[in-house]
1. Would you calculate the separation in nanometres between label points at Ala31 and Glu287, each defined as 7 Å from the Cα along the Cα-to-beta-carbon direction?
2. Expressed as a whole number of Å, what is the distance separating the alpha-carbon centroids of the stretch 53-87 and the stretch 106-145?
3. For the chain, what percent of Cα pairs sit more than 33 Å apart?
4. Give me the extension gain from Ala352 to Asp251: residue separation times 0.36 nm, minus the current Cα-Cα distance, reported in nm with one decimal.
5. Summing -39500 (n - 2.57) over the DSSP H runs of n ≥ 4 in the chain and dividing by its residue number, what mean residue ellipticity at 222 nm do you reach, to the nearest 500 deg cm²/dmol?
6. Mind giving me the FRET efficiency for Thr85 and Ile41? R0 is 22 Å, r the Cβ-Cβ distance, nearest 0.05 is fine.
7. In whole Å, largest first, what are the principal axis extents of the Cα atoms in the stretch 76-150?
8. Would you mind pulling out the separation of the Cα centroids of the stretch 177-215 and the stretch 342-356, in Å?
Amino acid sequence: MDEYIERFGPARIWAATVVVLAVAVVALAVAFPQRVYVDLIWQYYWGPVVADAHGWNCVAWADGAELPCNEAGADAGPTAEPGYTAISYAGYIPTLLLLLIGIYFIIDWLEIERFRAGFFALFPFMLFGGALRTVEDANVAAYRDTGELAIELPWSGFLISPLIYVTVFLVALIAIVAGVWLERKEYVSGYEYPLFGVGAVALAATLGFLGYTAATEPYSTFYPSIPAIVLTAATVSTALLWLAIERFAPDLNAGTRHMGIVIIWAHAVDGFANQLMLDWSHVWGLEYTPKHPVNDAIVTYTGALLPQSAEVIGQAWPFALLKLAAPVFIIWLFNEEIFDESPQFAFLLLVAVVAVGLGPGTRDMLRATFGV
């Protein structure tokens, strides 16, 4: 293996691996359409996207017609529900790792050195991803109200997890390349400034669209108390946790330094947004159900093991605590040695860590804020 890596280079081997895997999947789907495409790809990967895009709880294959389960016959074929399963995770996680490796090669090719600056410059894109996902929620609300999708499939699929990560990545990649070019042409002092600017503009435009929809469409509204509660809880808990780390275990953040604040805050937003919506969405006349296996399991077991507590403070509070504890563990893992040995890969992993927390958390908060 080392001989092949030295001969062809790791980037070419990665590209060849991606091409071979893509061709193999397409070939198997064509050769065995029922077993591979319908029973695997559609049921666990594309079917959930179709269901999510229409706001259906369940979608049936129905010989390719893709109907709500309650409208399909008993022998309509496989069915799919919005959200993730263990099988879908088994496909998405290796794909994410391949994507991260590819991004690593792009960063190496661009010869980016100020990784911490890039980490903070990418912060608006993580908020942008959640806001963009809320646009799809508004699209679903429009479908419920009018019977038609404002953004049709397959295009709306790129606003639904996990494809939305690809969409945001492509926008961020274009911004990074443009920022590096502007820096090398000496138009700006650092690539991070135009990178942050593009993300901020994209976020502002998306929030503006959601605000316009809330002001003009009957299927959307505006509850400012929801982001006020979530952001206050996340910020206060992050500040207290960070002060505790600085006071009692300062070595924990020796590697991540101030990036650790962003990591904790991102997952705190996710935790408190989920807790508020799963337990208290009825206060605003909203309904919210867990779409991730972890959320679902926590709500189920909390209700079963602590029924009296669940009646008073809800069932999702352990998820909020978990989302505060997990980033502390991550900060501890990313010590100074990791940044010294491979700063590019450490940077990429931390961006991914923040994105998988802040993206869904922002979406859950904004979805409730705009009532979609």
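The values are calculated or read from the model by the stated rules, or taken from the named source; none is laboratory data. Model, not experiment: these values are computed from the prediction. Neighbour counts are summed over all protein chains in view; Cβ atoms, including those assigned to glycine, are modelled from backbone coordinates with ideal geometry. Side chains are part of the model used for accessible areas, which takes the heavy atoms of the whole protein and leaves out ligands, DNA and RNA. Shrake-Rupley method; radii C 1.70, N 1.55, O 1.52, S 1.80 Å.
1. Modelled inter-label distance: 4.5 nm.
2. Between the Cα centre of the stretch 106-145 and that of the stretch 53-87, the gap is 29 Å.
3. Working: 24945 of 69006 pairs.
Across the chain, Cα pairs with separations above 33 Å total 36 percent.
4. Working: separation 101, 0.36 × 101 = 36.36 nm, distance 2.28 nm.
Gain on stretching Ala352 to Asp251: 34.1 nm.
5. Details: 15 runs with 256 residues, N = 372.
The helix-only estimate for the chain comes to -23000 deg cm²/dmol at 222 nm.
6. Numbers: r = 13 Å, r/R0 = 0.60.
Efficiency for this residue pair is about 0.95.
7. Sorted largest first, the three principal extents are 51, 28, 17 Å.
8. The stretch 177-215 and the stretch 342-356 have Cα centres separated by 20 Å.
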